[in-house]
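Following: one structure in structure tokens, then a few remarks.
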Amino acid sequence: MRIARHDMNRAGRDFVVGDIHGTYSVVAAALNGVQFDWANDRLFSVGDLVDRGPESRRVRAFINNPRIFPCRGNHEDMFLEMYETGDTPPEEAVRFWTRKNGMSWWMDVPQDERLAIIAAFRTLPIIQEIETERGLVGLVHGEVPHGMDWATFKAAIEAGDKHTTMSALWGRDRISHRNDSGVKGIDRVFCGHTPVDAPTQLGNVYYIDSGSFMGVARDDPDSGRLTIASLISATQTFRRIPMGEFFDIRDEPVTDRPFGEYAS
């Protein structure tokens, strides 16, 4: 599955988190911080669920939770590439693959658990669309190529276009050049992949990888925190959690007026 579409959540709220990178205890704390309702609320993720952080082995439970909907990040995709033939690669090849990018945790995972995690990764879509009371929200790990509208982007991903897929998983051209032209045909887009000091808006695109794993690794929330945001929040609002916590919240109450072009 390359694209997942979700109907409006009429019973509860929808949240999105930035790159997790094996910091699931921080995710749990953030959900407590927004008083997440496991019966009615939904949590979306922009991908990069594993590597670098200390709790990557919890990823399968995260993916399999019926209230959680992650995108595929480039780190999940690297594992899928390692197992792309469907066969189990030689252990020497696995060791070579996992020497970098914080992937060494994989060497401590038993073979049956590895295959179960790979199977879970294969279920992750590259793009997600969520209907909300304010408009249509899109999620992708990297970014939409500059100059490409949302419908063209979806069609290219569905067709397996390699250039567009690379941008969806690895792209950071927009944010590197502070390109605020936005993405036509969608009301709001959330992306991860590129660490930012705080959630960053460029047009109608919001970058929310605020470096959770760096804060955990250094035991210093000022080095990196997890961003959790309501999909329909006025995203310029920012509620800083007291020092000592590794997450920040964007969920201030807003009207139900449509997003509008590049609305915050």
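The values are calculated or read from the model by the stated rules, or taken from the named source; none is laboratory data. What you see is a predicted model, and the numbers here were worked out from it, not measured in a lab. As a convention, Cβ positions derive from the backbone with ideal geometry for all residues, glycine included, and neighbour counts pool all protein chains shown. Please note that ligands, DNA and RNA were not included when accessible areas were found on the heavy atoms of the full protein model with its side chains. Shrake-Rupley method; radii C 1.70, N 1.55, O 1.52, S 1.80 Å.
C71 contributes about 0 Å² of solvent-accessible surface, heavy atoms of the protein only, 1.4 Å probe. Here the gap between R99 and H163, fully extended at 0.36 nm per residue and compared with their Cα-Cα distance, gives a gain of 20.4 nm. Cα centroid separation, the stretch 194-223 to the stretch 9-42: 17 Å. For a test of the definition: using alpha carbon positions, the gyration tensor, and the 1.5 limit on a/c, classify the stretch 33-91 as rounded, prolate or oblate. Prolate.
DSSP finds beta bridges in the chain, and of those with both partners inside it, around 40 percent are antiparallel. Against the criterion of solvent-accessible heavy-atom surface with a 1.4 angstrom probe, F213, F247 sort, most first, into F213, F247. Across S176, S233, S167, mean-square fluctuation computed from a Gaussian network of the chain (C-alpha pairs under 10 Å connected) peaks at S176. Straight-distance candidates among the lysines for linking to K154, with alpha-carbon spacing under 30 Å and chain neighbours fewer than 8 residues away dropped: K162, K184. Rounded to the nearest 10 square angstrom, K154 shows an accessible area of 50 square angstrom against a 1.4 Å probe. Each residue of the stretch 148-156 was assigned a 3J(HN,Hα) from its phi angle through the Karplus curve 6.51 cos²θ - 1.76 cosθ + 1.60 (θ = phi - 60°); the sequence is 9, 7, 5, 5, 5, 4, 4, 4, 5 Hz, with glycine and proline shown as x. Here the dipole of the chain is about 160 debye; that uses its Cα centre as origin and unit charges on the Cβ of Lys and Arg (positive) and Asp and Glu (negative).
Residues R122, R188 ordered from highest to lowest accessible area at a 1.4 Å probe: R122, R188. Entry note, the chain: relative contact order of 21 percent, from Cα contacts under 8 Å with a spacing of 6+ residues. Across the protein chains, with a 1.4 Å probe defining accessible surface, the residues W97, W105, W38, W150 rank W38, W97, W105, W150 from largest area downward. Taking amide H as placed 1.01 Å from N in the peptide plane, the amide H of E252 sits under 5 Å from that of A234, each at least 5 places away or on another chain. Between the C-alpha center of the stretch 145-192 and that of the stretch 46-110 there is a gap of 24 Å.
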